[in-house]
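Each reported figure results from applying straightforward, stated rules to the coordinates on display, with no laboratory input. Please read these numbers as outputs of a predicted model, since none were measured by experiment. Quick reminder, even Gly has a Cβ in these numbers, built from the backbone with ideal geometry, and neighbours come from all protein chains shown.
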Amino acid sequence: MTTVYLNGDFIAKEAAKLSVDDRGFVFGDGIYEVVRVIEGRIFAWHEHEARMARGLGAVRIPFGPSDVAGLEAVCNRLVADNNLRSGEATVYLQVTRGAAPRTHYFPPAGTPPTVYAATSKFTPSADMREKGIKAITFPDFRWARCDLKTVNLMGAVLARQAAHEYGAYEALLIRDGMLTEGAATNAFAVIDGVVRTYPLSNYILPGVSRMYAVESARAIGVTVSEDPVTEAEMRGAAELFIAGTTTDVAPIVSLDGTPVGDGTPGPVTRRVQKEFLKRLYGGG
Ligand SMILES: Cc1ncc(COP(=O)(O)O)c(C=O)c1O
């Protein structure tokens, strides 16, 4: 039996029911997180917690930082109850503005947010890590608050579907001629030995893995520049890679069907990946 958490209760997944008036369902009016669990230990909880609290505050869902802090214990209990203390797992967390008759403006004060969490077993892909992934490019027509992890993911859904139909793992998004990020990962290019990635702004999600990838690169003496990569630079880059909670650092070996570099994971990517994995499996 899979146990999930819904509004204060730990219950069987089949028993978890939501109102059709839930604003997460009707408007995509909610914020979510995905955390990685390794041998029962949540990786980078405080970074995920801070991002979630910031997001909820930015969209004015009344679920404050201390409420978000309380979700750590929820995650730990779900991991234990679902026998996921060994091996790897992910926990999905979602808080919506709650259920109320449909109005675009906020529901009456006092409407309780809907709080949901669920965990599943996770097996990292050795192939993705070792052999790398294929990517396509796709227009970044998402809204202008990509820094918020809202459950409204239409841009990412359409981009990932285009990648899927192409036989690729990720879609690299292009806005105003620049590579912003992947549909569900942050994106990096290695150009003249420098790791380049889009600066933190309203146009990308401040990825936790992005932060660890940047830190890993700097720790091994690789220069990182948060200077946007143009589409032309991206197509000519020696190496490309992505980073995300369920992706780790993954090399991109082909883009729109054209090999990246020599079509195998590049040396800088490999070194950054090695350092990143040390952090992931060693603590964090
Ligand atoms: C748009 C987008 N960018 C980047 C990421 C990577 O973020 P993180 O490393 O925190 O998982 C995600 C994760 O889902 C994402 O959806």
Debye intensity ratio in log₁₀ form over the Cα atoms of region 126-282, taken at each q of 0.09, 0.10, 0.20 Å⁻¹: -0.24, -0.29, -1.31
For Cα pairs less than 8 Å apart in space and 6+ apart in sequence, what is the mean separation divided by the residue count of the chain, i.e. the relative contact order in percent? 17
Mean Cβ count within 10 Å, highest first, over the residues of peptides 221-227, 96-102: 96-102, 221-227
Considering only C-alpha atoms, what is the centroid distance from region 188-206 to region 57-82, in Å? 30
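How high is the relative contact order of region 126-282? Use alpha-carbon pairs under 8 Å, at least six apart in sequence, and give a whole percent.
Details: 330 pairs, mean separation 41.3, N = 157.
Result for region 126-282 is 26 percent.
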Can you report the principal axis dimensions of region 3-121 using only the alpha carbons, biggest first, rounded to whole angstrom? 45, 31, 19
All aspartates and glutamates inside 16 Å of LYS131 as judged from Cα atoms, apart from same-chain residues fewer than 8 positions distant: GLU170, GLU239, ASP248, ASP262
Whole-Hz ³J(HN,Hα) from phi, Karplus 6.51 cos²θ - 1.76 cosθ + 1.60, for region 255-271, glycine and proline x: 10, 6, x, 9, x, 8, x, 8, x, 10, x, x, x, 5, 4, 4, 5
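Can you give the longest run of the chain that contains no chymotrypsin sites (Phe, Trp or Tyr not before Pro) sitting in a DSSP loop with at most 12 other Cβ atoms inside 10 Å?
Longest run free of exposed loop sites: 144-284.
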Cut-off under 5 Å, modelled amide H: who pairs with SER225 long-range: VAL195, ARG196, THR197
Rounded to whole angstrom, the alpha-carbon centroid of region 109-155 lies from that of region 209-239 at a distance of 21
Using alpha carbons only: equivalent-ellipsoid semi-axes of the chain, gyration tensor based, whole Å: 33, 22, 17
